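Have a look at the structure below before the remarks.
The values are calculated or read from the model by the stated rules, or taken from the named source; none is laboratory data. Since this is a predicted model, take the numbers as computed values, not measurements. Cβ placement follows ideal geometry from the backbone for every residue including glycine, while neighbour counts extend to all protein chains displayed.
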Amino acid sequence: MADRKGHDAPPVELAQGIYEGLAGVRLAMRRFLAFSEATLADAQVTSQQYQAMLVIKTSAQGRIMVRELAEQMLLQHHGAVQLVDRLSAAGLVERIPSAEDKRSVLIALTSVGERVLETLAGIHLRGMLKHEPLLAESLSQLRRLGNLDP
């Protein structure tokens, strides 16, 4: 079997519990992601927009340059600009001229963006904690069977 780099990976015999643990982790993640997508669709916010708002909220002073947003979102610069354009058109973010560098623009959440993010983050936190037992048990099983340090 070839690994991600194209090298032949030696076959590894894994215990059935490893497969069960991996399946459990994936199930917990898929359940959460399905819940998240439905929640975001109801709020008319895309997953990418929600992630961008989280990145902005957690950045220094709640402001971020597009270049930094692109890096954290794993986007090309022009993709981040388009994302910011959509967030701005929705009234969720604003562009603020940088005090240090007049050529730079910082992106910040608007008061509407802050309220939307707070609501969505609270819903996501509750949803994540709902799926915690399956995720925690699956990860614990993988740690035990994978002979990894605690």
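Here is a yes/no grid of residues against (1) surrounded by fewer than 13 Cβ atoms within 10 Å (Cβ to Cβ); (2) over 16 Å from the mean Cα position of the chain (by Cα); (3) not charged (D, E, K, R):
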| residue | (1), (2), (3) |
| --- | --- |
| Leu14 | yes, yes, yes |
| Ile18 | no, yes, yes |
| Arg26 | yes, no, no |
| Arg31 | no, no, no |
| Ser36 | no, no, yes |
| Thr46 | no, no, yes |
| Gln72 | no, no, yes |
| Gly79 | no, yes, yes |
| Leu83 | no, no, yes |
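Which count do you get for residues in segment 29-48 that are touching a helix residue (DSSP H, G or I) at 6+ places or on another chain (Cβ under 7 Å) and basic (Lys, Arg)?
0
When the residues of segment 48-70 are narrowed to those that are surrounded by 12 or more Cβ atoms within 10 Å (Cβ to Cβ) and of a type in the set (Ser, Thr, Tyr), which ends up nearest to Leu120 (Cα to Cα)?
My answer is Tyr50.
For segment 120-129, which residues satisfy the criterion of being touching a residue at least 24 places away in the same chain (Cβ under 8 Å) and either loosely packed, with under 13 Cβ neighbours inside 10 Å or closer than 19 Å to Arg30 by Cβ (or both)?
Ile123, His124, Gly127, Met128
Any chance you could count how many residues in segment 25-82 are closer than 24 Å to Ala136 by Cβ, at pLDDT below 95 and of a type in the set (Gly, Ala, Ser)?
Residues in segment 25-82 being closer than 24 Å to Ala136 by Cβ, at pLDDT below 95 and of a type in the set (Gly, Ala, Ser): 1 in total.
Here are some conditions: (1) loosely packed, with under 12 Cβ neighbours inside 10 Å; (2) closer than 13 Å to Glu114 by Cα. Ala90 meets all but one. Which one does it not meet?
Answer for Ala90: the failing condition is (1).
Can you name the condition, by its number, that Ala108 falls short on among (1) exposed (fewer than 14 other Cβ atoms within 10 Å of the Cβ); (2) touching a strand residue (DSSP E or B) at 6+ places or on another chain (Cβ under 7 Å); (3) aliphatic (A, V, I, L, M)?
The failed condition is (1).
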